[in-house]
Each structure stands twice: as structure tokens, then as C-alpha cells.
1. One quarter of the convex hull surface, Cα atoms only: what value does that give for the stretch 191-339 in nm²?
2. Given charges of +1 on the Cβ of Lys and Arg and -1 on the Cβ of Asp and Glu, with all other atoms neutral, how large is the dipole of the stretch 14-82 about its Cα centre, in debye to the nearest 20?
3. Total Lys pairs in the stretch 31-148 closer than 17 Å by alpha-carbon, pairs eight or more apart in sequence or interchain only?
4. Treating each Cα of the stretch 131-172 as an identical point scatterer and ignoring solvent, apply the Debye formula and state log10 I(q)/I(0) at q = 0.14, 0.15, 0.25, 0.32 Å⁻¹.
5. Would you kindly calculate the translational diffusion coefficient of the chain, applying Stokes-Einstein with the Kirkwood radius from alpha carbon pairs, for 10 °C and a viscosity of 1.306 mPa s, and quote it in µm² s⁻¹ without decimals?
6. Test of understanding: in a Gaussian network model of the chain with alpha carbons linked when under 10 Å, which of Gly164, Gly151, Gly26 would top the mean-square fluctuation ranking?
7. Dipole size in debye (nearest 20) for the chain around its Cα centre, Lys and Arg Cβ +1, Asp and Glu Cβ -1?
8. Within straight cross-link reach of Lys245, meaning Cα distance under 13 Å, which aspartates and glutamates are found once same-chain residues fewer than 8 apart are removed?
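The values are calculated or read from the model by the stated rules, or taken from the named source; none is laboratory data. Here the structure is a predicted model, which means the values were calculated and not measured. With ideal geometry, Cβ positions are generated from the backbone for all residues, glycine too; neighbour counts draw on all protein chains shown. Note: accessible area is taken over every heavy atom of the protein model, side chains too, but ligands, DNA and RNA are not part of it. Shrake-Rupley method; radii C 1.70, N 1.55, O 1.52, S 1.80 Å.
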Amino acid sequence: MEEKLNIVQEEHTEYTLLKIEGRIDGYWSKQLEEYLDNALRAGKYNIALDLTGVNYLSSLGIRILVKFKKLYRQVNGGFGIVDASKSVIDLLGMAGLHAMLKWQVQEVAPAIESASRIIESDGYVFKVTQTAGLKDMECYLNGNPEKLTTGGFGKNDCKSLKFGRNHYGIGLGAIGLDFDDCKNRFGEFVALGDSVVYSPAGKPNNPDYMLKSGALIPGIELLYGITFEGDFDTVINFSSSDFGKTIGLSTLLTKIFEITAYENLVMVMLAETSGLVGLSINHSPAAEGENIQNPFTYPEIKENVNFTTEPEFQQLMTITAGVASVSKDGSLEKFTRPFVSGSPILQHFHTAVFSYHPLKKTDINLDDTISALFEQDKIRGVLHLVNDTREITGIGESEFTGGVCWIGNIKSPIKTR
């Protein structure tokens with residue numbers, strides 16, 4: 001018998017059946033893992049396995065089956081074995097896993113929604129759920145971001161902020177005791193309710209974070225930033241109608257403004273990325289000995305800023321937070337930049353990167369999902385998202401394959417503190 005693995009996919013009304021033949025050993029199990037991973041990313045939330053043609057199943061193969069059983073359980077999906085060869089049944093029986101891996105269709109209860117509509121546009125599907133009666137989000141502008149280019153951040157510029165449930169923020173800060181403790185480490189941060197993560201200056205792939213635990217409330221020593229508080233009144237699930245199609249952040253924001261008709265909005269997004277384009281600072285602007293008037297001028301920028309040289313973190317899960325504005329009143333102008341030349345949209349977004357985790361199709365709880373990501377995974381990095389529009393060498397903007405956006409309208413007037 002030829003030692004290979006064949007997988008034939010059949011679509012049924014309630015599930016997808018995978019007929020597998022051959023060996024699931026240390027070599028071919030990798031093919032199975034990749035196939036199952038792609039199926040999950042493509043939205044196949046009910047997978048049944050026919051293993052009657054499998055003549056060998058290794059311990060690595062068993063581990064992969066258990067892994068995906070757990071992943072599908074997390075997203076309220078169905079995964080398991082409908083039939084198998086005698087050797088596979090005997091092996092799973094001895095391992096005590098036969099009952100666990102048995103196939104059963106997972107029925108997902110319909111979500112209870114206050115208002116929901118489907119919008120299809122340019123190969124993407126947007127499911128919009130809105131909750132009436134919620135107050136607008138409070139937004140606060142903290143510090144002076146212009147000091148990043150003129151120099152002069154000192155102890156008087158540092159504020160100690162605490163976060164918690166329904167409190168979010170982005171900017172330049174550090175986790176620590178006070179300004180003196182943090183002055184050499186200030187970098188990009190994202191505050192996500194009960195979780196705060198930041199990228200210490202000069203260590204772009206070694207973020208640090210703090211989670212709420214008992215009386216411990218996560219906080220940040222902040223030089224400048226935007227913070228916002230309250231409940232999100234709009235949830236937008238977006239996915240591609242064509243597997244593999246991606247959407248850029250600027251296009252996504254344009255669509256969100258069309259859907260909500262807001263002028264100033266805050267957004268937290270959980271999404272799989274097909275590549276991030278961003279930056280992080282390499283030297284803290286408050287570090288001793290730093291006397292750089294503008295770290296963003298050439299050639300200083302090469303030493304002081306870490307840029308992605310190509311889209312990074314493909315096929316990983318991201319949590320992105322920030323603000324965007326199409327208002328002409330200029331209230332957010334100092335803290336935002338146009339993402340596309342000539343576009344009326346001003347924005348400022350930071351993102352934290354995690355390993356890939358599938359999201360539920362319905363009833364995704366923002367706080368629970370964020371907590372699970374921080375508690376179960378190693379954070380890969382934190383970036384300030386940018387659009388690289390340089391001629392010839394520019395690599396464009398961050399792209400996403402699908403996810404969920406929580407949107408809130410910003411209460412006017414925007415406050416400064």
C-alpha cells in the first residue's frame with residue numbers, strides 16, 4: 001500500500017465530511033493539520049471524519065485530532081469521527097479517547113439580537129448588530145503627542161492611569177511604578193479593559209502585559225494617548241464571500257463610516273490578519289541622554305523607529321483598538337493622521353498580535369475573548385498601524401481576512417485631561 005494521505009471533502013447539509021485514507025504518521029499528520037486549519041479558517045464549523053481508510057494513526061495524529069476537537073468546542077462547532085478502521089478504533093479505545101472524538105452535530109442556538117442586518121459589498125459580507133439606548137462613548141485626549149517630534153518629555157508629562165472593564169486606550173506609555181522607573185522603556189501600548197499590553201522601546205517582539213487579578217487593576221504610565229470609556233452600540237462581523245480575499249484597514253473604516261454614519265468613532269477589533277504594516281519606536285523619547293529634536297526626520301528615523309519591511313504576522317489573530325474621524329471640527333486632529341492621502345478619514349490604531357484562534361460564529365463576548373487570548377497565549381508584538389505609500393518600495397497597509405468590530409460613537413465635545 002502506498003504510504004501517503006488522501007483527503008476527499010464532501011459537503012452535506014449540516015456538516016462537511018472528510019474521507020481520509022492512508023497513514024496519519026509523523027510526516028502525513030502535518031498535511032492533516034494544515035487541511036483542518038484551513039477548513040476552520042474557511043468557516044467550516046462542523047467537520048466529520050471518515051477514517052475507515054486509515055491504516056495507521058500515530059500519537060502525533062491523535063494529538064492533532066484532540067487539538068481540533070478542543071478548538072471546535074471553543075467556537076461551538078462540531079468535530080469528530082463518524083467511522084474508522086478497526087485499528088484506529090482499537091487504538092483510540094486503548095487511549096480512552098474513542099468517546100471524546102465521536103462525531104456529533106453541534107446545534108448552535110440562534111443569537112438574540114436587538115437589531116441585525118446583512119450588507120454585501122465588494123466581495124465582503126458585513127453583519128451589523130446594533131443596540132439602541134446606549135450612551136455615546138466618552139473619549140479623552142491625554143498629553144501632547146507633538147512632543148514626540150520636538151523633544152522634551154519629562155516627569156510632568158507622565159500620568160498614571162488605571163483601566164478595567166469598559167475602559168480602553170492607546171498611546172505611548174509603559175508598565176511600571178512611575179516615570180523614573182519607565183523613562184527608558186516608553187513604547188506603544190494598547191489598553192483593553194482588564195488587560196494592558198505594551199512594547200518596550202527597542203524590544204519590538206518582546207511585549208509586556210498586565211492582567212486584572214483580584215485587587216490588581218492593570219494600568220499604564222502614560223506620556224500621551226487616547227482613552228475611551230463606555231459601551232459599544234454596534235457590532236460588525238465581517239467575512240469574505242471568497243475564501244482568501246482580504247480587506248485593508250482603510251477600506252474597512254470607510255465601510256464602517258458608511259454603515260454607522262458617525263463622525264467620530266472608537267473601535268476595538270478582533271480579526272485574523274493576512275499581514276500587518278506598522279511601526280514601533282526604538283528609543284524611549286524620555287530616556288536619559290536622548291536629545292533628538294525630531295526622531296522622524298532622515299536619517300535619524302532609521303535608528304529611532306522599527307518599521308515592518310514587509311507585511312508581517314500573516315494568519316495570526318490580532319486585537320486592534322483606536323479612533324477614527326471624518327469630522328471637520330478638528331478635535332482629534334492632533335492625535336490622528338490620514339491613512340490614505342486625500343482621504344477624509346483621520347485615524348490612530350494600535351494592534352496586539354497573538355497566535356491564531358478561531359472565533360465563534362455568534363455571541364462573541366469581547367471581554368471574555370480578550371481575557372482568553374491573554375491567558376492562553378504568548379503575545380507576538382504590538383504595533384502602531386501605518387500605511388506605507390512610498391513609491392516603488394511602499395508595502396501598503398494592514399490587511400484582514402475576517403473578524404468582529406465593536407464600534408462606539410464618540411460623545412461630543414471630546415475632553416482633554
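1. Details: hull surface 47.5 nm².
Taking the Cα atoms of the stretch 191-339, their convex hull projects to 11.9 nm² on average.
2. Details: 10 positive and 7 negative charges, 52 e Å.
So the magnitude is around 260 debye.
3. On the way: Lys44/Lys67; Lys44/Lys69; Lys44/Lys70; Lys67/Lys102; Lys69/Lys102; Lys70/Lys102; Lys86/Lys102.
Lysine pairs meeting both conditions in the stretch 31-148 amount to 7.
4. Each listed q corresponds, in turn, to -0.49, -0.54, -1.03, -1.29.
5. Diffusion coefficient, whole number: 68 µm²/s.
6. Sorting by GNM fluctuation, first place goes to Gly26.
7. Charge dipole, the chain, about its Cα centre: 540 debye, nearest 20.
8. Cross-link targets: Asp122, Glu272, Glu399.
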